[in-house]
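Colleague: Structure provided below as structure tokens; questions to follow.
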Amino acid sequence: MARQLGGHWARLNDKLDDPPEVLARGVAASEELLGELAERTAAYGLHGGPAAMGAGAWSSRVRGAGELLLERHQALRSAVLDVQHVTTLLAFLAALALRRDDAALATWHRKWETRLLEIEADARAAAVAEAADPARAIEPYDGSKLGRAGHKLAVGIGTLGEAIDSRVPRRR
């Protein structure tokens with residue numbers, strides 16, 4: 001999940017016009033977490049080698065394909081979900097470590113949870129701040145030709161859905 005967070009936020013940082021600085025901080029923190037995680041897990045006989053790294057990178061890329069349909073504010077809100085997933089996982093793992101009487105591991109997880117909660121709060125604030133400029137908030141997240149085409153497709157589907165919904169009688 002940390003690899004997915006870093007990959008997704010790096011992609012957002014590259015694609016968004018004027019990205020919030022929290023994205024770069026999140027990428028750096030995820031890289032640092034992954035570096036420490038490799039050392040930490042090796043001490044327990046666990047290894048996050050090619051399979052785990054590939055799964056994180058793959059899930060990040062698959063998710064990126066669907067984001068071609070998103071607006072800027074939607075992409076930033078999805079970024080908040082990435083970091084929330086990691087902070088929740090870290091809290092879970094800390095509780096698990098305490099259950100096994102491994103206070104050192106629990107402390108390590110809590111340290112990272114606390115650090116990423118600050119980034120999570122800043123990411124949420126950046127997503128909410130998009131409301132200050134509604135026209136910018138609804139711009140395509142990906143300004144490439146493919147991204148603009150995906151955004152137009154999403155707008156068309158949304159418009160069609162609203163047209164259908166306005167004509168279908170509501171059942172109570």
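The values are calculated or read from the model by the stated rules, or taken from the named source; none is laboratory data. Everything numeric here is computed off the predicted structure, so don't read it as measured data. Methodologically, a virtual Cβ is constructed for each residue, glycine included, from the backbone with ideal geometry; neighbour enumeration extends over all protein chains shown.
Colleague: What is the number of the single condition among (1) of a type in the set (Gly, Ala, Ser); (2) at pLDDT 95 or above; (3) surrounded by fewer than 17 Cβ atoms within 10 Å (Cβ to Cβ) that SER59 does not meet?
Modeller: (2)
Each row is one residue, and each column tells you yes or no for (1) under 22 Å from GLU32 (Cβ atoms); (2) surrounded by 13 or more Cβ atoms within 10 Å (Cβ to Cβ).
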site	(1), (2)
GLN74	no, yes
ARG77	no, yes
VAL83	yes, yes
LEU93	yes, yes
ARG99	no, no
ALA106	yes, yes
LYS111	yes, yes
LEU116	yes, yes
ILE119	yes, yes
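Colleague: Output the qualifying pairs, or none if there are none: Cβ atoms under 6 angstrom, residues six or more apart or on different chains, first residue in segment 86-111 and under 16 Å from GLN4 (Cβ atoms) and touching a residue at least 40 places away in the same chain (Cβ under 8 Å), second residue buried (at least 18 other Cβ atoms within 10 Å of the Cβ) and of a type in the set (Gly, Ala, Ser).
Modeller: VAL86/ALA2
Colleague: For segment 82-172, give me every one of the helices (runs of 4 or more DSSP H) that falls completely inside it and has 1 or more residues that are among the hydroxyl-bearing types (Ser, Thr, Tyr).
Modeller: Qualifying helices (runs of 4 or more DSSP H): 103-129, 145-167.
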